[in-house]
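Participant: This is the structure I have questions about; it appears just below.
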Amino acid sequence: MLAAADPSRSTSGDLAAAHRTWLEEVDVLALDEELEAFADLKQDYQRQAFIERFWEVRDPYPETGLNEFLEAWQARREEALERFGGLDGARARTLLVAGPPREILSGVCQETLRPLEIWLYSAETGVPGGFSIVFVVQPGRSRDNYDHWSPGDGLESLASWRQSDVAGGGTRLDQLAQSCFRG
């Protein structure tokens with residue numbers, strides 16, 4: 001769902017920079033059919049009309065003179081650019097779609113866990129009980145390059161085990177519990 005934008009989807013190599021930028025920014029939000037329709041447009045005036053309509057259909061209160069969805073999107077875009085320096089990372093794309101979390105917890109068990117963040121969202125999001133999203137830095141990536149994590153990825157994908165990772169006959173889970181007893 002939050003895959004990085006694919007500028008090659010557009011067969012129009014002659015897109016204006018503003019239209020290429022717009023495609024990259026809304027790729028996480030736009031339906032495949034919308035992206036395909038945009039790619040088929042031949043003229044800039046058609047593309048501009050498409051963009052206006054794109055935001056109009058997402059306006060929750062079209063009877064007002066304000067597009068609340070577009071304003072929220074633009075605020076999230078600015079926040080993502082400021083916090084993450086771009087819109088293509090997992091955290092930036094999540095911020096665009098889900099908005100800012102209620103709270104962010106950071107991993108503190110540096111010896112056994114890779115750098116991670118847990119974003120907590122409250123029930124006001126419309127999801128009963130709220131939800132959380134876990135981000136983790138994968139091996140060989142910079143500390144600022146987080147990916148989504150899910151329980152199906154397993155504990156191994158969160159751990160930064162060393163060669164001498166299991167001392168004294170314990171398990172990796174025991175080591176994690178000892179080094180990260182509060183986490």
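The values are calculated or read from the model by the stated rules, or taken from the named source; none is laboratory data. Everything numeric in this text was worked out from a predicted model, so none of it was measured. Every residue, glycine among them, receives a Cβ derived from its backbone with ideal geometry; neighbour counts consider all protein chains shown. Note: accessible area is taken over every heavy atom of the protein model, side chains too, but ligands, DNA and RNA are not part of it. Shrake-Rupley method; radii C 1.70, N 1.55, O 1.52, S 1.80 Å.
Participant: Please calculate how many Å² of accessible area segment 32-135 carries per residue, with a 1.4 Å probe and no DNA, RNA or ligand atoms counted.
Facilitator: I get 58 Å² per residue for segment 32-135.
Participant: Return the carbon/sulfur percentage of the accessible area of segment 38-84, one whole number, probe 1.4 Å, all protein chains in place.
Facilitator: Values: 1610 of 3210 Å².
Here carbon and sulfur together make up 50 percent of the probe-accessible area.
Participant: Roll a 1.4 Å probe over the protein heavy atoms and report the accessible area of F84 in Å², nearest 10.
Facilitator: Taking all protein chains as shown, F84 has close to 60 Å².
Participant: A further question follows. Give, as a single signed number, the net charge of other residues whose beta carbon lies under 10 Å from the beta carbon of I104, with Lys and Arg counted +1 and Asp and Glu -1.
Facilitator: On the way: positive: R91, R102; negative: E103, E117.
In short, 0.
Participant: While we're looking at this one, here's another question. If you take the charge dipole of segment 15-134 about its Cα centre, with +1 on Lys and Arg Cβ and -1 on Asp and Glu Cβ, which of I104, F38, I51 is farthest toward its positive end?
Facilitator: Farthest towards the positive pole: I104.
Participant: On to the next question. Within segment 45-89, what residues put their amide N at less than 18 Å from the label point 7 Å along the Cα-to-Cβ vector of N145?
Facilitator: 84-89
Participant: Another one. Along Cα→Cβ, 7 Å out, is where each label goes; now give me the distance between the ones at E56 and V97 in nm to one decimal.
Facilitator: Once both label points are built, they end up 2.7 nm from each other.
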